[in-house]
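Visitor: The structure that follows is given in the form of structure tokens.
The values are calculated or read from the model by the stated rules, or taken from the named source; none is laboratory data. Given the structure is predicted, the values throughout are model-derived calculations rather than measurements. Don't worry about glycine lacking a Cβ; one is built from the backbone with ideal geometry, like all the others, and counts go over all protein chains shown.
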Amino acid sequence: MPRLRVGLVGTGFIAGRHLAALTAMTDVAVVAVADAVAERAAVEADRIGARPYDDGIAMLASEDLDAVWFCVPPFAHGPLEAAALARHLPFFVEKPLSVDMVAAQSIADGVRNQGLRTAVGYHWRYLDVVEQARELLAEHPVQLLMGQWLDATPGAPWWSRRDRSGGQLVEQTTHLFDLARLLCGEVDRVHAAEAISPRGELPDADVATSSTVLLRFRSGALGSLSSSCLLGGRHQVGLQLITPGRAIELRERSLTDHELQVDGVPIARSGQDPIAAEDRAFVDALLDRGDDVRVPYDEALRTHALVCAADRAARTGLGESLDGGPSGAAGTTATREAQ
Ligand SMILES: NC(=O)c1ccc[n+]([C@@H]2O[C@H](COP(=O)([O-])OP(=O)(O)OC[C@H]3O[C@@H](n4cnc5c(N)ncnc54)[C@H](O)[C@@H]3O)[C@@H](O)[C@H]2O)c1
């Protein structure tokens, strides 16, 4: 059986999930791992029998790979993808694409010019409950969407700095923006506001601690997404979707249809590993055995452009309109308007 030779860059939390999935596949060989912290790469390489590197670009230059997985924090995007593009090397990249649109747009242009195969880690799209929600909503178009990402501040040292993570909308709530696009279509206008509380325990933090974004979809539907990182743990992450006569509630592990169950008993629960599913889909595509990559780079760029517009609107207080943009990727450019 042919084995796909894979390298992985960034051996932190989410890399552990991808490595668990990839090393369990009999048609994949993870041959090299890299991390800016050499010891982390060495420990992980030793554990799975791969070669360690303290520099992802050096790894790409030294190894003969069929694909690479980038699992680095938001601020680290740009040079790694450029190195993959220079080698015409297909890549999987974790969300978000970058802290802003600059690096992401330039990578997207390279990917499009080469027709390079890519996949992005918007793993909710591989959940069976999301598929079921889509089926339900095909016959009951959404008129109102409400979403919440109410959580703790993640412990990663880069997370609470805007120039490192992009902030909560860009780093976390992006999953809900992506689902909003999937379930309700493209957005043509955003308004937003944010609040920042001083954090005694995190004196350098500059990310918003709470925010609310108002979305107007091209369909005429309305949405709001509220985020907070002020809590001691995860309180609520998910969407409520209002259609004529029914309210559908979607969380990562459950789907509830409140027309059928007024008391809110879920109609479906998920026991899946969507990260293993997205990895399997990309491997199958690269081995020409499947065609189920649900979020290639250009599709992720549309979500990222929407989130970046919402983030700008939250900071400036100016509304943003999204349009088709010069690249032809709908929704990847935005213009500001007075509120
Ligand atoms: N899909 C999801 O649900 C999900 C969940 C968690 C994290 N993520 C995303 O994955 C990315 C990583 O998150 P994490 O929680 O694993 O972070 P982490 O801090 O646990 O790990 C990141 C690793 O990357 C390394 N690194 C940083 N810059 C590097 C560079 N230039 N080259 C090589 N290595 C570098 C760090 O040393 C660290 O070991 C983030 O973008 C995050 O948003 C996605």
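Visitor: What about H191, is it outside any strand (DSSP E or B) and either in contact (Cβ under 8 Å) with a residue 40 or more places away in the chain or away from the ligand (no atom under 16 Å from the Cβ) (or both)?
Guide: Values: outside any strand (DSSP E or B): no; either in contact (Cβ under 8 Å) with a residue 40 or more places away in the chain or away from the ligand (no atom under 16 Å from the Cβ) (or both): yes.
No: the conditions fail for H191.
Visitor: Could you tell me which of the residues R189, R181 is closer than 16 Å to M146 by Cβ, surrounded by 15 or more Cβ atoms within 10 Å (Cβ to Cβ) and basic (K, R)? Even if it seems obvious, please write down each step before you answer.
Guide: Details: R189 fails: closer than 16 Å to M146 by Cβ.
Going through R189, R181 in turn, the sole match is R181.
Visitor: When you scan the stretch 96-116, how many residues do you find that are closer than 29 Å to P2 by Cα and crowded, with 18+ Cβ neighbours inside 10 Å?
Guide: Just the residues of the stretch 96-116 that are closer than 29 Å to P2 by Cα, to begin with: 110-116.
After this cut, where a residue has to be crowded, with 18+ Cβ neighbours inside 10 Å as well, the list is 111, 116.
The total comes to 2.
Visitor: Also, I was wondering about something else. Specify the residue that is farthest from R161 (Cα to Cα); the eligible residues are those in the stretch 56-105 that are polar (S, T, N, Q) and part of a helix (DSSP H, G or I). Please lay out each step first, then the result.
Guide: Within the stretch 56-105, the first condition is being polar (S, T, N, Q), and the residues that meet it are 62, 98, 105.
Restricting the remaining residues to those that are part of a helix (DSSP H, G or I) gives 62, 105.
Values: S62: 33, Q105: 22 Å.
Checked the stretch 56-105; the qualifying residue farthest from R161 (Cα to Cα) is S62.
Visitor: While we're here: Does the stretch 210-237 hold any residues that are surrounded by 21 or more Cβ atoms within 10 Å (Cβ to Cβ) and either under 18 Å from the mean Cα position of the chain (by Cα) or in a loop (DSSP other than H, G, I, E, B) (or both), and which are they?
Guide: Answer for the stretch 210-237, where residues must be surrounded by 21 or more Cβ atoms within 10 Å (Cβ to Cβ) and either under 18 Å from the mean Cα position of the chain (by Cα) or in a loop (DSSP other than H, G, I, E, B) (or both): V213, A221, L225, S227, S228, C229.
Visitor: While we're on this one: Would you mind stating whether A247 is among the aliphatic types (A, V, I, L, M) and in contact with an Asp or Glu (Cβ under 6 Å, 6 or more places away or on another chain)?
Guide: So A247 fails the test.
Visitor: Also, I was wondering about something else. Can you tell me which residues in the stretch 250-276 are touching an Asp or Glu at 6+ places or on another chain (Cβ under 9 Å) and at pLDDT 95 or above?
Guide: Listed by number, the list holds a single entry, P274.
Visitor: Moving on. Please find, within the stretch 147-166, the residue that is nearest to E201 (Cα to Cα) out of those that are within 10 Å of the ligand (Cβ to nearest atom) and buried (at least 21 other Cβ atoms within 10 Å of the Cβ). I'd like the intermediate steps shown before the answer.
Guide: We begin by selecting, within the stretch 147-166, every residue within 10 Å of the ligand (Cβ to nearest atom); these are 154-159, 164-166.
If we keep only those that are buried (at least 21 other Cβ atoms within 10 Å of the Cβ) too, we end up with 159, 165-166.
Values: W159: 14, S165: 18, G166: 20 Å.
Checked the stretch 147-166; the qualifying residue nearest to E201 (Cα to Cα) is W159.
Visitor: Please find, within the stretch 22-41, the residue that is surrounded by the most Cβ atoms within 10 Å (Cβ to Cβ) out of those that are more than 12 Å from the ligand (Cβ to nearest atom) and part of a helix (DSSP H, G or I).
Guide: That would be L22.
Visitor: Looking only at residues in the stretch 73-131 that are among the acidic types (D, E) and touching a residue at least 12 places away in the same chain (Cβ under 8 Å), which one is nearest to the ligand (Cβ to nearest atom)? Reasoning before the result, please.
Guide: The initial filter retains those residues of the stretch 73-131 that are among the acidic types (D, E), namely 81, 94, 100, 109, 128, 131.
Still in the running and touching a residue at least 12 places away in the same chain (Cβ under 8 Å): 81, 94, 100, 109, 128.
On the way: E81: 11, E94: 4, D100: 13, D109: 21, D128: 17 Å.
Step by step, filter the stretch 73-131, then rank; the result is E94.
Visitor: What number goes with the only condition from (1) away from the ligand (no atom under 11 Å from the Cβ); (2) crowded, with 22+ Cβ neighbours inside 10 Å that G10 does not pass?
Guide: So G10 meets the others, but not (1).
Visitor: Given the structure, is G325 touching a Ser or Thr at 6+ places or on another chain (Cβ under 9 Å), surrounded by 21 or more Cβ atoms within 10 Å (Cβ to Cβ) and at pLDDT below 95? Full working, then the answer.
Guide: Values: touching a Ser or Thr at 6+ places or on another chain (Cβ under 9 Å): yes; surrounded by 21 or more Cβ atoms within 10 Å (Cβ to Cβ): no; at pLDDT below 95: yes.
For G325, the condition - touching a Ser or Thr at 6+ places or on another chain (Cβ under 9 Å), surrounded by 21 or more Cβ atoms within 10 Å (Cβ to Cβ) and at pLDDT below 95 - is not met.
Visitor: Moving to a separate point now. Which condition does A83 not pass, out of (1) out of contact with any strand residue (DSSP E or B) (no Cβ under 8 Å at 6 or more places or on another chain); (2) within 22 Å of D279 (Cα to Cα); (3) hydrophobic (A, V, I, L, M, F, W, C); (4) surrounded by fewer than 18 Cβ atoms within 10 Å (Cβ to Cβ), if it passes all the others?
Guide: (4)
Visitor: Here's another thing I want to ask about it. Is it true that L65 is farther than 25 Å from P154 by Cβ and surrounded by 16 or more Cβ atoms within 10 Å (Cβ to Cβ)?
Guide: Working: farther than 25 Å from P154 by Cβ: yes; surrounded by 16 or more Cβ atoms within 10 Å (Cβ to Cβ): yes.
Yes: the conditions hold for L65.
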